[in-house]
């Protein structure tokens, strides 16, 4: 499944994969700036990959549109990351894939489909890092 992303009527990218698990096209930011971000989780054989196409700053007047595409391949991604197996103990206890602490140590873990598991503390750290990134 593929999607075309347009900014101000100009095609920015085609994102997707033949064996798409999920695609994320999102807007993130605050009063200091807003970014358009595209990524996806896909599967090739038994291996999952996270694909990142772009992160662009948006002006206040920019218009973004997303359309389902009949494309058979995506725009060349900026980054592809092979996703690892979950760390699990013999009793099935789950761990945060980022800090490696157990669910008993950090509390609730978040996981969507086959994406990595992350704890609230690591989510908060990611948000702080993203807010501090200057472009």
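Helix 120-132 and the long axis of the chain differ in direction by around 40°, with both axes built from C-alpha atoms.
Just checking the listed ones, 29, 45, 107: in the Gaussian network model of the chain with Cα springs under 10 Å, the one fluctuating most is 45. The Cα atoms of the chain cover 52, 39, 19 Å along the three principal axes, with the biggest extent listed first. Taking the chain as a Gaussian network of alpha-carbon nodes connected by springs under 10 Å, the highest mean-square fluctuation of the residues 112, 14, 61 belongs to 61.
With a simple spin-label model that places each label point 7 Å from the Cα along the Cα-to-Cβ direction, the separation between residue 62 and residue 101 comes to 3.5 nm.
Just 124, 56, 97 to compare: in a GNM of the chain, with alpha carbon springs under 10 Å, which one fluctuates most? It is 124.
Read the figures in this text as sums done on the coordinates, not as results from a lab. Not measured: the values here are computed from a predicted model. Cβ sites come from the backbone with ideal geometry, for glycine too, and all protein chains shown count toward neighbours.
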